[in-house]
Amino acid sequence: MSDSISQPTAQAVARCAELTKQLNYHNKQYYLLDQPEISDAEYDRLFQELKKLEDTYSSLRVSSSPTQRVGEAPLSAFESVVHEMPMLSLDNAFNEDDMVAFDKRIKDRLKSDETLEYSCEPKFDGIAVSLLYRMGTLERGATRGDGASGENITQNVRTIGSIPLQLAGEEIPAVLEVRGEIFMPKAGFEKLNKRAAEKGEKPFVNPRNAAAGSLRQLDSAITASRPLVMCAYNVGYVEGELPKTHSQILSCLKEWGFIVSEELKVVAGVEGCLDYYRQLEQRRGALAYDIDGIVFKINSIPLQQQLGFVSRAPRWAIAHKFPAQEEMTTLNGVEFQVGRTGAITPVARLQPVFVGGVTVSNATLHNRDEIERLGVCVGDTVVVRRAGDVIPQIVAVVPSKITSSLKAIEFPQHCPVCSSPVETAPGEVVARCSGGLICEAQRKEAIKHFASRQAMDVDGLGDKLVEQLVDAGLVKQIADLFTVPKDKLAALERMAEKSADNLLAALNKSKNTTLPRFLFALGIREVGQATARNLAQHFGKLDNIIHADTDALQLVDDVGPVVAHFVYEFFRQNENLQAVDDLKKAGINWEEKEPVEVAELPLVGQTWVLTGTLETMARDEAKEKLQALGAKVAGSVSAKTYCVVAGPGAGSKLAKAEKLEVNVMDEAAFVQFLGAFE
Ligand code: IVH
């Protein structure tokens, strides 16, 4: 380092202050809710510029500089520190009755019947810390420990971008203990685990464990590399004046440089608390970080002081817990399901357990690698996680002392449905049944897909009915759907004459289709709706696609070597060509077109939005027509939207379009507009 003792110029001092401000700001954007405004490279550029200035004028390098956050000397061990004021825990409420009882207890104690004001905020699922600031400078950071004393983790907390090294602003108390939670946002956690997996390291079970593990590092450079955030939620020991409500204290903390919850809200009475709870529980899954409940605190500090504490928890606060998203249970067995493309998915059969608000008795084990990674056996105690609408998963195995009752999970060598060999293609993790459409499981899934709404859209032909048709031997190939006699249909369970008539009518109606729908319905691997549309647009006619080689296929938008390979191979198999022929013979038809270059389509580059109800055509049909003309159809309006088609009942999207002065068409104008292209 070329340290200099020369006096910094006024310009250098000003630039240093500006860079410090910018870096602190971007640190915050990056760590808070993962919303960086500048690229990593841009951040590095600012960082390096500051570092160079500090190297030139060493007096500019202060300990609170953003350059001083990383790469501090490894600690030999964490020493113990005594908190200036003990760190308390919280009582829990598990239902609305507990909350009502909590509110009543307070009123009884205060001998008052007035509605109480509560401050509400999420209960972060991380690690509690206490930060001691003297004259606004961070002096010490400590874990909660036993509440009275914790571990000194100053070196590590100093690397966390959202923890100010120096408080800025007015009326900062001379001594201030700030309490808060350090956690890892979900996105950062996913990235960290992905990196761990790539390096063959053991991933963390959940963001909380990852945060704890990252803080407990003796080398603070490791902590610095982890995406940690701290949210302040309280104060401990204070020498100086603070406002008289909890919410105002948090506002001060925010002004001085801390992150406080964006969800912070003051409500009236227990009713207000319950509303807040329900509202945030709905959005729990959409938050950028894990929370395990809501913390309600009496907002008035004088009332808090009057209420005081019982043993280790304040009387004036409570944590209303959400149903746990992780629970332990026993793995009773594993079944292997066969999907549409033959993929074999191990499904865990569990001792039923209440988790994430529902009783769970099955969970996915994804694939063979996942079973190995977890090292799970039948009979093990496992941690099951169910978050939001996500399929329940097994995230960890609890080490067992008694291993004699455990049974290893054997991945099948042959398909459990058709007995064809199970194969794993080179470079793939997924094992597949090689039986193709010989396999009844694959056939069922293929037929379900064929009939589904985005494919041939056969109204009334749901998954259950497909299973019945295949099980009864009425449908062996997809084309058989169109020849099942009415009396056989009507004789199926839960079917009758009328429903059979309806199904036949729906099957008939589905015969008039489009090439993109038909292509998608064939269920070619990796050919989703968008690829099917691009293929159809590019080649115009099915025969052109059937005869295209992989080079020709790769000329299509978004078709790379993998998709081209799957399409090419699909049409090299006689059974598939036969199936296409049979379907055409059954009456399936579409309009064949001349091949077009996408760039020639009239609406290329335009984004349209459909909102409200359309009366002369279905929303899907309108969407397809626009896409066939090259437009993109989006779900929300932005300044980039080219035009909004608004039917009756259009609401916020129409309002937004008007605000942004985006073109708006009613249905009549839209129909006329489409007519011009026919
Ligand atoms: S206030 C005296 N607010 O929950 C009040 N705690 O058992 C002290 N926690 O380990 C706690 N989010 O780390 C409070 N918004 C929040 C919180 C919160 C998470 C944790 C805290 C403590 C535990 C309480």
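The values are calculated or read from the model by the stated rules, or taken from the named source; none is laboratory data. What you are looking at is a predicted structure, and each value in this text was computed from that prediction instead of being measured. All Cβ positions, glycine included, derive from the backbone under ideal geometry; neighbour counts span all protein chains shown. The area values use the complete protein model at the heavy-atom level, side chains included, leaving out ligands, DNA and RNA. Shrake-Rupley method; radii C 1.70, N 1.55, O 1.52, S 1.80 Å.
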- Message: When you check Asp666 against the structure, is it surrounded by fewer than 18 Cβ atoms within 10 Å (Cβ to Cβ) and closer than 30 Å to Leu555 by Cβ, yes or no?
- Response: no
- Item | Hits in region 129-158 - residues which are within 11 Å of the ligand (Cβ to nearest atom) and modelled with pLDDT of 95 or more | Val129, Ser130
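For every residue, the table says whether it meets (1) within 16 Å of the ligand (Cβ to nearest atom); (2) open to solvent by 70 Å² or more (accessible area, probe 1.4 Å).
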site: Ser65; (1), (2): no, no
site: Ser80; (1), (2): no, yes
site: His83; (1), (2): yes, no
site: Glu96; (1), (2): no, yes
site: Lys107; (1), (2): no, no
site: Phe124; (1), (2): yes, no
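Table: residues versus (1) over 33 Å from the mean Cα position of the chain (by Cα); (2) open to solvent by less than 40 Å² (accessible area, probe 1.4 Å); (3) modelled with pLDDT of 85 or more.
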position	(1), (2), (3)
Ala396	no, yes, no
Lys401	yes, no, no
Ser404	yes, no, no
Gln413	yes, no, yes
- Within region 192-215, work out how many residues are over 22 Å from the mean Cα position of the chain (by Cα) and in contact (Cβ under 8 Å) with a residue 60 or more places away in the chain. 1
- Query: So which residues in region 472-499 are in a helix (DSSP H, G or I) and under 20 Å from Ile588 (Cα atoms)?
  - Reply: Ile478, Ala479, Asp480, Leu481, Phe482, Thr483, Lys486
- Examine region 233-251 for a residue that is farther than 24 Å from Asn206 by Cβ, basic (Lys, Arg) and either assigned to a helix (DSSP H, G or I) or at pLDDT below 95 (or both), and state whether such a residue exists. no
- Say whether the condition of being without any contact (Cβ under 8 Å) to a residue 40 or more places away in the chain and small (Gly, Ala, Ser) is met by at least one residue in region 581-604. yes
- Item | Residue list for region 521-535, restricted to those being open to solvent by less than 30 Å² (accessible area, probe 1.4 Å), outside any loop (DSSP other than H, G, I, E, B) and in contact (Cβ under 8 Å) with a residue 24 or more places away in the chain | Ala521, Thr531, Asn534, Leu535
- Which condition number in (1) in a strand (DSSP E or B); (2) within 21 Å of Glu181 (Cα to Cα) is the one that Phe354 fails? (2)
- Can we say Glu335 is open to solvent by 20 Å² or more (accessible area, probe 1.4 Å), within 13 Å of Ile409 (Cβ to Cβ) and either in a strand (DSSP E or B) or within 16 Å of the ligand (Cβ to nearest atom) (or both)? yes
- Message: Need pairs with beta-carbon distance below 9 Å; first residue over 30 Å from Arg283 (Cβ atoms) and free of Cβ contacts under 8 Å to residues at least 24 places away in the same chain and within region 302-330, second within 11 Å of the ligand (Cβ to nearest atom) and open to solvent by 10 Å² or more (accessible area, probe 1.4 Å); sequence gap 6+ or separate chains.
- Response: Gln305/Trp316; Gly308/Arg315; Gly308/Trp316; Val310/Asp91
- Check region 164-172 and report whether any residue there is at pLDDT 90 or above, open to solvent by less than 50 Å² (accessible area, probe 1.4 Å), within 16 Å of the ligand (Cβ to nearest atom) and within 19 Å of Ser64 (Cβ to Cβ). no
- Message: List the residue pairs whose Cβ atoms are under 6 Å apart, where the first residue sits in region 282-299 and is within 16 Å of His320 (Cα to Cα), the second is away from the ligand (no atom under 13 Å from the Cβ), and the two are 6 or more positions apart or on different chains.
- Response: Asp290/Pro207; Ile294/Tyr277; Phe296/Cys273
- Task: Could you check Phe102 against (1) aromatic (Phe, Trp, Tyr); (2) within 16 Å of the ligand (Cβ to nearest atom); (3) open to solvent by 30 Å² or more (accessible area, probe 1.4 Å); (4) modelled with pLDDT of 90 or more and say which number it fails?
- Result: (3)
- Search result, residues across region 649-663 that are in contact (Cβ under 8 Å) with a residue 12 or more places away in the chain and either under 16 Å from Thr607 (Cβ atoms) or open to solvent by less than 70 Å² (accessible area, probe 1.4 Å) (or both): Ala650, Gly651, Lys653, Leu654, Lys656, Ala657, Leu660, Val662, Asn663
- Task: For Asp543, state whether it is acidic (Asp, Glu) and at pLDDT below 95.
- Result: no
- Scan of region 605-648 for residues that are open to solvent by 80 Å² or more (accessible area, probe 1.4 Å) and over 30 Å from Thr513 (Cα atoms), ordered by number: Ala639, Lys640
- Query: Restricting to region 236-267, what's the tally of residues that are out of contact with any Cys (no Cβ under 9 Å at 6 or more places or on another chain) and farther than 20 Å from Asn92 by Cα?
  - Reply: 20
- Task: Go through Val229, Val270 for me and flag whichever is more than 30 Å from Gln393 (Cβ to Cβ) and modelled with pLDDT of 95 or more.
- Result: Val270
- Message: For region 303-325: of the residues being surrounded by fewer than 20 Cβ atoms within 10 Å (Cβ to Cβ) and either in a strand (DSSP E or B) or away from the ligand (no atom under 16 Å from the Cβ) (or both), which is nearest to the chain's Cα centre (by Cα)?
- Response: Pro323
- Item | Matching residues, region 437-471, being open to solvent by less than 30 Å² (accessible area, probe 1.4 Å) and either small (Gly, Ala, Ser) or part of a strand (DSSP E or B) (or both) | Ala441, Ala446, Ala451, Ala455
- Query: If you check Ile222 against the conditions, is it open to solvent by 10 Å² or more (accessible area, probe 1.4 Å), β-branched (Val, Ile, Thr) and more than 27 Å from the chain's Cα centre (by Cα)?
  - Reply: no
- Among the residues of region 220-232, is any part of a loop (DSSP other than H, G, I, E, B), under 28 Å from His26 (Cβ atoms) and within 12 Å of the ligand (Cβ to nearest atom)? no
